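Okay, so here's the structure we're looking at.
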Amino acid sequence: MEITKPAVAGTLESSDCQVMIEEGDGKVEFSLESSVINQYGNQIRKVALETLKNLGVDNAKVTMVDKGALDCTIKARIEAAVYRSVLQTEDLPWGGAIR
Amino acid sequence: MINPNKKRLRRTMMFLNAQKPGLIKDPYIYKPDSIMLDLEDAVAENQKDAARFSLFHALRTINYRGCERVVRINGLDSPYWKEDIRCAVAGGCDSIRIPKTESAKDVYIVEKEVIQAEKDFGRPEGSVLIMAAIESARGVMRALDMLRTVHKSSREIKNLKELNALLENVQKSEDAIAHQERLQIMGTMTGGIAHEFNNFLTPIMGHAELLMMELPEGSDEQDSAKEILEASEKAMDVVKQISSLSRKNVETVYKCIPVKKMMQRALKMITSVCPPQVHLESELQVEQENILGNKTQLNQVLLNICVNAIHAIGKKEGTIHVKCEVISRETLAGFLDKELPDTWKDYIYISIKDNGCGMEKETLRQIFDPFFTTKKGGEGTGLGLALVEQIVTSHKGYVFAESQPGVGSCFHIGLPVLQAEQPEETVHVGERHEIRMVFADDNAKVLELLRRSFDKIGMQIQTCMTVEELSANLAEKEADVLVVEESIEGQSGVDFCMSIAGKYPKMLKLVSIESISREIVEAKKKGIINGYVEKPLSDRNVLESVRECQKEQGLY
């Protein structure tokens, strides 16, 4: 999926995370800021990259500010940001690319 | 197949904003019956899209530990609801809640969309329930239509409807119980007062009569005295009815009555009270049948009903049709629409039909209530039919009525038929033949103990564990003494004695009891049973009771 427009999803509330996505320069660039980066940094990174891969995003700059989100929230926020960026709100691939 | 979730319990329902990760991650700790993940009002307009992703992953990954997961979709007037359904169904929700449902069409289009989503995401059709939230007056008015349109699974409205009906029934039966209690208190009170009242009435009437004699004929004063006398006479009538209703001062001995004779006598009496414009027709299809009861009381039952019929016909022409026949227990049970005890096989069925003014439903419901009357002030006591019901019930019978305003009323009475009386035994065994005793009890230990203690004093007894066994035993050979437990496998021993009263008139019938109750004393008074033995049973207390009964009967 081609990311051309910048988009944001999520909040900075506890248990949530805010994801910002913008046009990349040829690869996926992921930067993470988290209160639990020392404990879960690797897991968060893994989930985020996997989600992006599932969506077919291979060229984007993703910035995440995590406030202790669960895996399901991380996925949901990244997906929300990606689909906002491509302006798709209907006929989403539930259970397909979104999983 | 009906979705098993359809009838699950929904007492508590927790609403959560599906967009807030902090809320959706652990609501199950409060153990609500249902969790409602909201996509509608709780979610800001610009977060509708993000909320779906959050919802989808929450449904997929969070274990809600058995709570029903309901998704409230956006209103059908918004651009979001279709995608909401797809997301919720794909995520695996249990139910979809339609907000502010107002028409059958709303439910219909949602159902269509849900079925499509079930197909798209590989879920069995009907696995997602639909809950229609009725939030407006218009919705309430059309609730029934909504239900009719859909043929699928659960609908909250339906559950609500069932719940409402249930609550209504509970309310009704509570009201009925309270009403019954009030009547009972009133009955007890009036029974006591009735006697006192008579004492007051006697001097009033006596003095009124004296005044009438002393005052000049035709004077105003004499008229007043006459009024007093008449009013007191009416009061006396009321008192008499009250006391018969409360069963005080009334001798009621139950005897074996031939139905045909009783009916003929009653009809004669009714004819004598019928005004000329009322025709009495009768149809008696009974021959040898007998019932156990009190002739005077049964006469009163028929008379009271017929007098009401005469009043209903009033001044115009009319007919009263009295029919009497024998029907089986099953037939009567069918009429009454309830189970009847199998103590009696057949019932005498009497119907009294008139073509008078009839009754409204509301009146019909109350006719058997004491003091309920439609007659104008002072004319009726409101006790006639109450008395009818009380007498019929104490005869172990049933009475009910049907009516249609303008067409007429019909009263139905069912009374248990006594099993055929056996012809008098001609052969009498020697004067001092051994007493044959039969014991019926559903406790084997008690029977064994009795058998042994009677053995010791050199008497053989017969024992039975069930009513059927007992009937068979008696049919084989009549006993001299029967001792039956007051409740044998749930069946009343007294009722059994009543049912066989005609068959074995000579047999002494005793009931073994835990403690003396009103029913037992009454049964003895009415002659249904000869006596009772208090438990624990022993050879001694049984023989003592038997001796006492024999003494009362004048046998020794």
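Just so it is clear, none of the values below were taken in a lab; they were calculated from the coordinates. A quick note: this is a predicted structure, and the numbers were derived from the prediction, not measured. No Cβ is skipped: glycine too gets one built from the backbone with ideal geometry, and neighbour counts run over all protein chains shown.
Using a cut-off of 16 Å between alpha-carbon atoms, which lysines can reach B:K323, once sequence neighbours fewer than 8 places away in the same chain are excluded? In chain and number order, the partners are B:K260, B:K261, B:K268, B:K353. Let me check I've understood the local charge: for A:P6, count other residues with C-beta under 12 angstrom from its C-beta, Lys and Arg +1, Asp and Glu -1. What total comes out? Summing Lys and Arg as +1 and Asp and Glu as -1 gives +1.
Legend: mean number of C-beta atoms from other chains within 10 angstrom of residue C-beta atoms, peptide B:12-19, equals 1. Annotation for the range B:26-135: trypsin sites (Lys or Arg not before Pro) lying in DSSP loop with at most 15 further Cβ atoms inside 10 Å of their Cβ are B:R65. Enter the angle in degrees (range 0 to 90, nearest 10) between the Cα long axis of helix B:81-91 and the first principal axis of the Cα atoms of chain B, meaning the one along which they spread out most. With rounding to tens, the tilt is 80 degrees. Relative to the dominant Cα principal axis of chain A, helix A:71-85 is inclined by about 40°. Phi-derived couplings, Karplus 6.51 cos²θ - 1.76 cosθ + 1.60 at θ = phi - 60°, listed residue by residue for the range B:494-501: 5, 4, 4, 4, 5, 5, 9, 4 Hz, with x used for Gly and Pro. Dipole size of the range A:7-85 about its Cα centre, with +1 on Lys/Arg Cβ and -1 on Asp/Glu Cβ: approximately 140 debye, rounded to the nearest 20. Close amide H pairs (under 5 Å, H built 1.01 Å from N) link B:G502 with B:Q419, residues at least 5 positions away or on another chain. Phi angles across the range B:285-298 convert, under the Karplus curve 6.51 cos²θ - 1.76 cosθ + 1.60 with θ = phi - 60°, into 3J(HN,Hα) values of 10, 10, 10, 9, 5, 10, 10, 9, x, 10, 4, 4, 5, 5 Hz, Gly and Pro given as x.
Per-residue shielding of A:67-78, expressed as the average number of other chain Cβ atoms within 10 Å of the residue Cβ, stands at 5. For the range B:516-527, the Karplus equation 6.51 cos²θ - 1.76 cosθ + 1.60, evaluated at θ = phi - 60°, returns couplings of 5, 10, 4, 4, 5, 4, 5, 4, 5, 4, 7, x Hz by residue, with Gly and Pro reported as x.
Would you work out if the range A:7-85 is rounded, prolate or oblate? Take a ≥ b ≥ c from the square roots of the eigenvalues of the alpha-carbon gyration tensor; rounded if a/c is under 1.5, else prolate when a/b is larger than b/c, oblate otherwise. Since a/c reaches 1.5 and a/b is larger than b/c, the shape of the range A:7-85 is classed as prolate. For chain B, the mean residue ellipticity at 222 nm estimated from helices alone is -15000 deg cm²/dmol, where every DSSP H run of n ≥ 4 contributes -39500 (n - 2.57) and the total is divided by all residues, rounded to the nearest 500. Extension gain, B:S136 to B:E522: 0.36 nm times the residue separation minus the Cα-Cα distance gives 132.9 nm.
Seen from B:M263, the other residues with C-beta closer than 14 Å to its C-beta sum to a net charge of +1, counting Lys and Arg as +1 and Asp and Glu as -1. Under 13 Å of direct C-alpha separation, and excluding same-chain neighbours fewer than eight residues apart, A:K75 reaches these aspartates and glutamates: A:D16, A:E50, A:D66. Relative to the longest principal axis of the Cα atoms of chain B, helix B:104-120 runs at roughly 60 degrees. Close amide H partners of B:E486, meaning residues 5 or more places away or on another chain with modelled amide H under 5 Å apart, are B:S512. Taking trypsin sites (Lys or Arg not before Pro) across the range B:458-509, the ones in a DSSP loop with at most 12 further Cβ atoms lying within 10 angstrom of their Cβ are B:K477, B:K506.
Working from Cα pairs under 8 Å separated by at least six residues, relative contact order for the range A:8-89 is 45 percent. Per residue of peptide B:256-263, the mean number of Cβ atoms on other chains within 10 Å of the residue Cβ is 0. Computed from label points 7 Å out along Cα-Cβ, the spacing between B:T319 and B:I185 is 4.8 nm. Around the Cα centre of chain B, unit charges on the Cβ atoms of Lys, Arg, Asp and Glu (plus for the first two, minus for the last two) sum to a dipole of about 1980 debye. With the Cα gyration tensor of the protein assembly as shown giving a ≥ b ≥ c as the square roots of its eigenvalues, does the rule (a/c under 1.5 for rounded; else a/b larger than b/c for prolate; else oblate) give rounded, prolate or oblate? Note, shape of the protein assembly as shown comes out prolate.
Amide hydrogen proximity for B:L292: with H placed 1.01 Å from N in the peptide plane, the residues at 5 or more positions away or on another chain lying under 5 Å are B:I257, B:L418. From helices alone, chain A scores -11500 deg cm²/dmol at 222 nm; the rule is -39500 (n - 2.57) for each run of n ≥ 4 DSSP H residues, then divide by the residue total. For the range B:427-556, what does the alpha-carbon gyration tensor say about shape, rounded, prolate or oblate, given a ≥ b ≥ c as the root eigenvalues, a/c under 1.5 as rounded, and a/b over b/c as prolate? In terms of gyration-tensor shape, rounded.
The Cα center of the range B:507-532 and the Cα center of the range B:269-327 differ in position by 33 Å. Given +1 at the Cβ of Lys and Arg, -1 at the Cβ of Asp and Glu and no other charges, the dipole of the protein assembly as shown around its Cα centre is 1480 debye to the nearest 20.
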